[in-house]
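Everything on this sheet refers to the single structure shown next.
The values are calculated or read from the model by the stated rules, or taken from the named source; none is laboratory data. Being a predicted model, the structure only gives us computed values, none of them experimental. Neighbour counts are summed over all protein chains in view; Cβ atoms, including those assigned to glycine, are modelled from backbone coordinates with ideal geometry.
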Amino acid sequence: MKKICYVVTISLTIKSFFVKQLQYLSENGFDVTVICSPDDSLQDILGSKIKFVPVAMPRGISIGGSIASIIKLTSIFKKQKFDLIQYSTPNAAFYASIAAKSAGCKVRNYHLMGFRFLGALGVAKTILKWIEKTACKNSTSIECVSKSNLEIGIKEGLFPREKATVVWNGSTGGVDLLRFDFSKRERWRNEIRNTLGYKEDDFIYGFVGRITKDKGINELLTAFLNLKDDSKLLLVGDIEKENRLDNALLKTAHKNNNILFHGFVSDIERYFAAIDVLVLPSYREGFGNVVIEAGAVGTPSIVSNIPGPIDAIEVGKTALAVEVGDVKALEDAMIEIYKIDYKTAGQNAAYYCRDKFDSNILCDKIAERKRYLLSI
């Protein structure tokens, strides 16, 4: 039985994207280990077949912390003698790629979820790009979560085309169609609307994710306030401490009765069903998993025309796309999608996500890819 190890910085990444595929791999001929930050609940979620080794790794730039992480990981890798080590997220990829190469692991697979350096400037951008390039160089193979991100990696000189691929149609882990169940849309829609005090005929734009500048929240709030109609805006997610939002705009939004801020929820599928259109005007994304999760329950989207989200839609059929940072274009798209048959667009999105991003099919493709990399 081949031994494989997944490495990420924080446990939330495992919980959000990898549990299903890890369990699939462990049930289909692989000895699976997970390494990430300490978490008291993760082992129970993973199940008894998957080993969990907690290792605290710094998320920011920390020379001392980075060296300590590399030393710790190298020791674990030498002891465990994994046949394949896969790492995701920039810092974990940097530490694990160096450690895996030092430990002599022959298959070092970088699951590349996006490029953090694209949102940085100056010296910070230079350092972040160097970290990314180092991880790519140390890897024997690279799997990008979207085709457009693969092209960016090649264009930026991070890796040659022959070293990288996209598994099936991309995404981090696909979408669980049993959880994001289109057939339950109407029931969930009514339940959440009743709970939050919305009427059946209210038209609701929704946002799901971290409430911060890089997600395009300033543009979203401005565009919505410019509509001056009876539509609603529901934002689900936590407001980050370092959000860099326009404070005056945020205060105005909090005072507006048509805008509701709601904290993180564990049953997000029901909230996707409750809204009419998802709006993701983000500056950068690895893929845009919320787009396919919303789509799976029949909710169309408006997204920024950026790598990741653009790979998760059919423009004009399941979603509309606007230039990043363009408030007027976003406002126009919000008006347009209201006027067109958005319910048909939602149905199109549900069928599209079922055909392109079913997590069960993706799990099988991932296992097939692992066997290919391990020559088994």
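Scanning segment 249-296 for residues that are closer than 27 Å to E323 by Cβ and among the polar types (S, T, N, Q) returns T252, N256, N258, S282, N289. Checking each residue in segment 21-33 for being assigned to a helix (DSSP H, G or I) and either in contact with a Lys or Arg (Cβ under 6 Å, 6 or more places away or on another chain) or surrounded by fewer than 18 Cβ atoms within 10 Å (Cβ to Cβ) (or both) picks out Q23, S26.
Residue count for segment 86-110, restricted to those that are in a strand (DSSP E or B), within 21 Å of the chain's Cα centre (by Cα) and within 12 Å of N138 (Cβ to Cβ): 3.
Per-residue answers, yes or no, for (1) assigned by TED's automatic domain parsing to the domain that holds G263; (2) touching a His at 6+ places or on another chain (Cβ under 9 Å):
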site	(1), (2)
G170	no, no
L196	yes, yes
Y205	yes, no
D229	yes, no
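Looking only at segment 131-147, residues that are farther than 21 Å from A103 by Cα and either free of Cβ contacts under 8 Å to residues at least 40 places away in the same chain or surrounded by fewer than 19 Cβ atoms within 10 Å (Cβ to Cβ) (or both) come to 2 in all. Among the conditions (1) of a type outside the set (D, E); (2) in contact with a Gly (Cβ under 6 Å, 6 or more places away or on another chain); (3) modelled with pLDDT under 95, the only one that V145 does not satisfy is (3).
E240 meets the conditions (1) surrounded by 18 or more Cβ atoms within 10 Å (Cβ to Cβ); (2) touching a residue at least 24 places away in the same chain (Cβ under 8 Å) in every case but one. The failed one is (1).
Taken over segment 56-92, the criterion of being surrounded by 16 or more Cβ atoms within 10 Å (Cβ to Cβ), among the β-branched types (V, I, T) and in contact (Cβ under 8 Å) with a residue 40 or more places away in the chain is satisfied by I76, I85, T89.
Here is a yes/no grid of residues against (1) β-branched (V, I, T); (2) in a loop (DSSP other than H, G, I, E, B); (3) in contact with a helix residue (DSSP H, G or I) (Cβ under 6 Å, 6 or more places away or on another chain); (4) within 24 Å of P309 (Cα to Cα):
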site	(1), (2), (3), (4)
L118	no, no, no, yes
V123	yes, no, no, no
L128	no, no, yes, yes
C136	no, no, no, yes
I142	yes, no, yes, yes
E151	no, no, no, yes
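Considering F30, F52, F82, F18, the condition of being farther than 26 Å from D176 by Cβ and assigned by TED's automatic domain parsing to the domain that holds C144 is satisfied by F82 alone.
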